[in-house]
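Report on the following structure.
The values are calculated or read from the model by the stated rules, or taken from the named source; none is laboratory data. Fair warning: this is a prediction, and the values are worked out from it, not measured in the lab. Note: ideal-geometry Cβ built from the backbone for every residue, glycine included; neighbour counts use all protein chains shown. Note: accessible area is taken over every heavy atom of the protein model, side chains too, but ligands, DNA and RNA are not part of it. Shrake-Rupley method; radii C 1.70, N 1.55, O 1.52, S 1.80 Å.
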Amino acid sequence: MGGWGTVDEALRDHQVYDVLVPGWIDRDGDVPEFRPQPLVVWLRLDSGLLRFRSAGQYDHLAVARVPQVGWDDVDLLAEAEDEVVVASYGEQLFGDGRDTLRCVQLRAYQVADHLKCLALDFEGHHTLFFDPTWTFGIRIGNVADERRWRELYAGEEAGVESVDVSLGGSSRGD
């Protein structure tokens, strides 16, 4: 089943409240700025969190259910001299003012037993695409980013297997 099984099990029974991204506050300039460092990203559920981490040589996603936000195993964040905080990206990514969203479908892209990328379709036609191979950590994209990734990296010649799982409800149908 690979790492996507953890996502499948969690999202079948839980709604998503938010997407959380760690980073730090850069206070060196005139205006303090948030500097995201998405080596880990969390989906805040109605019970606990799903944690995604760019793993290996930043070539696949590691997924775990966790009770709280933490980054002790992410050297860049654990050893940061600046104040590390977590930013809420949910409103920016979903933008419709909903309190929760239900995932209706997932698409897992894997090579052997490694989860390369993951697409989550939510009710209301929102898609999140997690790509851990981005230079700066996990790129949180949309359906257009998923299509572009498939064009560049997927297919039999690349050894990428696609698993499509319906979690109930209607999917995007793209």
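Neighbours of His60, meaning other residues whose beta-carbon lies under 11 angstrom from its beta-carbon, give a summed charge of -1 when Lys and Arg score +1 and Asp and Glu score -1.
Mind jotting down a quarter of the surface of the convex hull over the alpha carbons of the chain, in square nanometres, one decimal?
That works out to 10.6 nm².
Counting Lys and Arg as +1 and Asp and Glu as -1, what is the net charge of the other residues whose Cβ lies under 13 Å from the Cβ of Arg12? Here the count lands on -2.
Expressed as a whole percent, the accessible area of segment 1-126 that falls on carbon and sulfur atoms is 42 (1.4 Å probe).
Backbone N atoms of segment 32-66 closer than 17 Å to the 7 Å Cα→Cβ label point of Asp75 belong to residues 38-40, 54-59.
Between Ser47 and Ser162, the contour length at 0.36 nm per residue exceeds the Cα-Cα span by 38.6 nm. For the chain, the per residue solvent-accessible surface stands at 52 Å², with DNA, RNA and ligands left out and a 1.4 Å probe.
Can you check what the Kirkwood hydrodynamic radius comes to for segment 75-169, Cα pairs only, in Å to one decimal? In segment 75-169 this quantity evaluates to 15.1 Å.
Taking R0 as 25 Å, what's the FRET efficiency between Tyr58 and Glu83 from their Cβ-Cβ distance, rounded to 0.05?
E between Tyr58 and Glu83, to the nearest 0.05, is 0.50.
If I fit a long axis through the Cα atoms of helix 143-153 and take the longest principal axis of the Cα atoms of the chain, what angle between them do I get, 0 to 90°, rounded to 10? It works out to around 80 degrees. For the chain, the longest principal axis of the Cα atoms and the long axis of helix 4-13 meet at an angle of about 90 degrees.
Put simply, when 141-154, 6-19 are sorted by average Cβ atoms within 10 angstrom per residue, most first, you get 6-19, 141-154.
Modelled label positions at Arg148 and His125, each set 7 Å beyond Cα in the direction of Cβ, lie 2.1 nm from each other. Counted by Cβ distance under 13 Å from Glu33, the other residues give a net charge of -3, where Lys and Arg count +1 and Asp and Glu count -1.
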